[in-house]
1. With θ taken as phi - 60° and the coefficients 6.51, -1.76 and 1.60, list the Karplus ³J(HN,Hα) couplings across the range 95-103 in order, rounded to whole Hz; mark glycine and proline as x.
2. Amide H of Met128: which non-local residues (sequence gap of 5 or more, or other chain) have their own amide H closer than 5 Å, using H built in the peptide plane?
3. Of Asp3, Asp173, which has the most accessible area and how do the rest follow, probe 1.4 Å?
4. Tabulate in residue order the Karplus-calculated ³J(HN,Hα) for the range 115-128, using 6.51 cos²θ - 1.76 cosθ + 1.60 with θ = phi - 60°, rounded to whole Hz; enter x for Gly and Pro.
5. Name the long-range amide H neighbours of Ala120: under 5 Å, sequence gap of 5 or more, or other chain; modelled H, no Pro or chain starts.
6. Just to verify a number: what accessible area does Leu36 come out at with the full protein assembly present, 1.4 Å probe, Å² rounded to tens?
7. Given a 1.4 Å probe and the protein chains all in place, what does the accessible area of Lys40 round to, in Å² to the nearest 10?
8. Check Thr4: other-chain or 5+ apart residues with amide H under 5 Å from its amide H, H built from backbone geometry?
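The values are calculated or read from the model by the stated rules, or taken from the named source; none is laboratory data. Treat the numbers as computed from the prediction; the structure is a model and nothing was measured. With ligands, DNA and RNA removed, areas are computed over all heavy atoms of the protein, side chains included. Shrake-Rupley method; radii C 1.70, N 1.55, O 1.52, S 1.80 Å.
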Amino acid sequence: MADTHCLSGWRVNFNVSVSTYEPSIKGVRNFIDFCLTSRKHPRLIYISTLGVLQRKFSPGTVVLVANWIVVFIIDWDKGGLAPEQPLQEPDSALGSGYTESKWVSERVVQKAASEKHLRATVVRCGQMTGGQNGAWNAHEWFPSLVKSSITFRAFPAVEGVSCSFLLAYRISDVWVECVMDFRIRCSRGNCRRA
């Protein structure tokens, strides 16, 4: 049974160009090479972002991600599930170096999966928050917004926009469950190549 490696680290900064993320994109390629040359042929789970869909769908919730085959997003504005495959064109990710770099990295993973037989899954997450005590990285957008609001003595009034956060420790539980489920299915002969 093969191991599973998860690649999730990424600097979040919406004010820089995609070229700023070149070292991170190269890191994805290096991680892929590591997986491909490993004796155990591990599965790669790459954690991307819902931001790559920012121009394609209204904000939604990821329900299922499975081996680049089907991802479901509940699209509240359109009233149903929106199927998603790997994004061939960058148009939905344009506008931020962060989302553009995530799209490029998804494509690198997808290409390795199709051409090099890398067993890979891409998971697109929304905003993840800090630990159980509610602590956030002070440089994230929401804590920055709160700090600015204190300084300006005003909080932005935005109508029709909802904000939901995923608790990092809960997401980690889901990731472990997904990996274990895949390993169990694989041990029973029900796994497919990506």
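1. Once rounded to whole Hz, the list reads x, 8, x, 4, 5, 5, 5, 5, 5.
2. Close amide H contacts, sequence-distant or interchain: Leu166.
3. Details: Asp3 50, Asp173 95 Å².
From most exposed to least exposed: Asp173, Asp3.
4. So the Karplus estimates, Gly and Pro as x, are 9, 10, 6, 6, 7, 9, 9, 10, 10, 9, 9, x, 5, 9 Hz.
5. Residues meeting the criterion, in which the H sits 1.01 Å from N, are Leu44, Ala194.
6. Surface accessible to solvent at Leu36 totals approximately 50 Å².
7. Ignoring ligands and nucleic acids, Lys40 comes out at about 110 Å².
8. Answer set, sorted by chain and number: Arg43.
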